[in-house]
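Structure first, then comments.
Bear in mind these aren't lab numbers, they're just calculated from the coordinates by the rules spelled out. Just so it is clear, the structure is predicted and the values come from calculations on it, not from any experiment. Counting neighbours? That spans all protein chains shown, and the Cβs are built from the backbone with ideal geometry, glycine included.
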Amino acid sequence: MDAFQDHYPDAVAHCFGCGRLNAHGHQIKTVWNGDETVTRFTPEPYHTAIPGFVYGGLVASLIDCHSTATAAAAMYRQDGRGLDTLPPFRFVTGSLHVDYLKPTPIDGALEIRGRAVEIKGRKVVVETELRAGGVVTARGTVVAVQMPADFGAAPPAPHR
Ligand SMILES: CCCCCCCC/C=C\CCCCCCCC(=O)SCCNC(=O)CCNC(=O)[C@H](O)C(C)(C)COP(=O)(O)OP(=O)(O)OC[C@H]1O[C@@H](n2cnc3c(N)ncnc32)[C@H](O)[C@@H]1OP(=O)(O)O
């Protein structure tokens, strides 16, 4: 199944967390699973905080990009539209809140699940949980806001 991020136009596919065109990024892939969205990501040894556990910034980054993708997908679904139809829904992070409930073990795949809990105007609130070995280790709330037309106007050349 195509991931949401596979439908991002090239111009917005350079994000460190989710851009498929960023060779140095996480390149997360998010899909629907019923009313939830799911991303799986396996950390590398260099994603360490203290030995054996994942750096919290990575956890936040995964929650962030999983949630902005969820916001876009939820808007398309609410409108009954496919991901490639116009006008496009493009979301950036207005607010990112993360609660670190337990240390996240680094040795294995992480599962990130999200749900759009509020859609209002240009804003989508997404609640997301991150699990390691089936245990919820972090919980996030993201306010995703549709990109204004002038967002990133005249950007510098993207990283390759
Ligand atoms: C599924 C398929 C999709 C296919 C195609 C899609 C294309 C994909 C597009 C892109 C993907 C790639 C990108 C991923 C991104 C990854 C995550 C990042 O790293 S993003 C970078 C970090 N974030 C910023 O740099 C934002 C900087 N901030 C801003 O530009 C503005 O502050 C912005 C846009 C966030 C809001 O500004 P305003 O003027 O446009 O909007 P106002 O009117 O203030 O707010 C609208 C609503 O949002 C709430 N809101 C705004 N900011 C909030 C905040 N910080 N906390 C809580 N609520 C907030 C407001 O209260 C308001 O809600 P009320 O209508 O009143 O209910």
Quick one: which residues, 5+ away or cross-chain, put their amide H under 5 Å from the amide H of V54? H built at 1.01 Å from N. A49, T104, I106
What's the exposure ranking of V59, V143, going from fewest to most Cβ atoms within 10 Å? V143, V59
Could you go through the range 8-23 in sequence order and give the Karplus-derived ³J(HN,Hα) for each residue, using 6.51 cos²θ - 1.76 cosθ + 1.60 with θ = phi - 60°, rounded to whole Hz, and x for Gly and Pro? 5, x, 3, 4, 10, 10, 10, 4, 4, x, 10, x, 5, 9, 9, 4
Whole-Hz ³J(HN,Hα) for each residue in the range 42-50, computed from phi via Karplus 6.51 cos²θ - 1.76 cosθ + 1.60 with θ = phi - 60°, x for glycine and proline: what do you get? 9, x, 9, x, 7, 8, 6, 9, 10
How big is the dipole moment of the chain about its Cα centre under a simple scheme where the beta carbon of each Lys and Arg is +1, that of each Asp and Glu is -1, and everything else is neutral? Debye, nearest 20, please. 140 debye
HN-Hα J couplings of the range 101-117 from phi, Karplus 6.51/-1.76/1.60, θ = phi - 60°, integer Hz, Gly and Pro as x? 8, 8, x, 9, x, 8, 8, x, 6, 9, 10, 10, 10, x, 8, 7, 9
I want to verify a result. In a Gaussian network model of the chain, Cα cutoff 10 Å, which of these has the top mean-square fluctuation: T85, T141, T30? T85
For the chain, whose charge dipole is built from +1 on Lys and Arg Cβ atoms and -1 on Asp and Glu Cβ atoms, the candidate among G134, P9, T39 with its Cα farthest towards the positive end is P9
Express in whole angstrom the spacing between the alpha-carbon centres of the range 99-145 and the range 19-35. 14 Å
FRET E, pair Y55, W32, Förster distance 30 Å, beta-carbon r, rounded to 0.05: 0.60
Per residue of the chain, what 222 nm ellipticity follows from adding -39500 (n - 2.57) for every DSSP H run with n ≥ 4, rounded to the nearest 500? -5500 deg cm²/dmol
Can you put E129, E118 in order of Cβ neighbours within 10 angstrom, beginning with the fewest? E118, E129
The size of the Cβ-based charge dipole (Lys, Arg +1; Asp, Glu -1) of the range 69-160 about the Cα centre, to the nearest 20 debye, is 120 debye
To make sure I understand, if each residue's beta carbon is the centre and we count other beta carbons within 10 Å, what order do S95, S61 fall in, fewest to most? S95, S61
